[in-house]
Amino acid sequence: MLLSTLLSRGGRFDAAIEENRAVLRADPDNAKAWFNLGRAWSGAGKPEEAERAYRAAIAIDPDYGAAWVNLGVVLADKGEPRRAIAVYREALDREAGDPKLRYNLALQYRKVGDLPASEEELRRATRLDPAYRKAWKLLAEVVQARSGADAAKQVKAAADAAAAKHPEALENTDGT
C-alpha cells in the first residue's frame, strides 16, 4: 500500500488505482486499500468512484476518521454542501481535534448560509491551531458579514497576535 500512496503523490493515479485494486482482489476487506483507492480516484478526477471507495472503507471500519473527512471533501467538491456537512459531522466523532476538518465544515456551513455555525467552527479551528491563517481570514470574513467591520477588526487583531506568537505559521499556509 505504500506503493499506491507514492504513486498517487507522484500523480500516477491510474497506476495507483491498479495497485489498490490488486490489493483488494487479495483482501477485499482492507479499509486502507479502499481509502487509498478513493484518494487515487479523487486525484484522477473521478468523484463518483472516489465516493464509493471511501464509503467502502467506512463500511469496513466505521471509525476510519480520514475516510470520513475525505468523503466530505469529495461531496463538497461535487457541490453537495449539505451532504458534506452531514459527513463532516460524522467525522467530528472521530477527529474532533482536527482544525482542518473544522475549517472544511465551516466552509460548507457558509455555502448553505449558516453563518453562526460557520463562525463557531472557525473559532474552534483557531483555538485548536492558533496559527491557522486561512481559518483566521475566513473567520474575519464571516464575522464581518454577521457583525460588521468593527467586529472583524477584533478578529484580525487576534489573528495578528496569534501570528506573532507563531511565526512558523507564515510558511504553512496551505489550510485544507
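Here are a few things to note about the model shown:
- Stokes-Einstein diffusion of the range 85-176 at 25 °C, 0.890 mPa s viscosity, Kirkwood radius from Cα pairs, rounded to a whole number: 187 µm²/s.
- Linear extension gain, LYS111 paired with ASP61, 0.36 nm per residue minus alpha-carbon span: 15.0 nm
- Proximal lysines relative to LYS156, as straight alpha-carbon distance under 28 Å, when same-chain residues fewer than 8 apart are discounted: LYS100, LYS111, LYS134, LYS137, LYS165
- Taking label points 7 Å from Cα along the Cα-to-Cβ direction, GLU48 and ALA149 give a separation of 4.9 nm.
- Charging the Cβ of each Asp and Glu at -1 and of each Lys and Arg at +1, and nothing else, the dipole of the range 1-64 about its Cα centre rounds to 180 debye.
- Estimated Rh, the chain: Kirkwood, alpha-carbon pairs, angstrom: 17.2
- When the charge dipole of the chain is built from unit charges on Cβ atoms (+1 for Lys and Arg, -1 for Asp and Glu) and taken about the Cα centre, the candidate among VAL143, ALA59, ALA106 whose Cα reaches farthest toward its positive end is VAL143.
- Kirkwood Rh and Cα Rg combined as Rg/Rh, the range 1-96: 0.97
- Residue-averaged 222 nm ellipticity for the chain, from DSSP H runs of 4+ at -39500 (n - 2.57), nearest 500: -25000 deg cm²/dmol
- For the pair THR5 and ALA163, the difference between a 0.36 nm per residue extended length and the Cα-Cα distance amounts to 53.6 nm.
- P(r) histogram, all alpha-carbon pairs of the range 47-111 included - 5 Å bins from 0, percent: 4, 22, 32, 24, 14, 3, 0
- Computed lengthening from GLU120 to ASP27, 0.36 nm per intervening residue step minus Cα-Cα distance: 29.3 nm
- Cβ-placed point charges (K, R +1; D, E -1), dipole of the chain about Cα centre in debye, nearest 20: 400
- Each peptide in 29-37, 143-151, 47-55, 66-74 receives the mean, over its residues, of other Cβ atoms within 10 Å, and ordering these scores from highest gives 66-74, 29-37, 47-55, 143-151.
A short reminder: the numbers here are calculations on the coordinates, not readings from a lab. These numbers were taken from a predicted model, which means no experiment stands behind them. Positions of Cβ are backbone-derived with ideal geometry, glycine not excepted, and every protein chain shown enters the neighbour counts.
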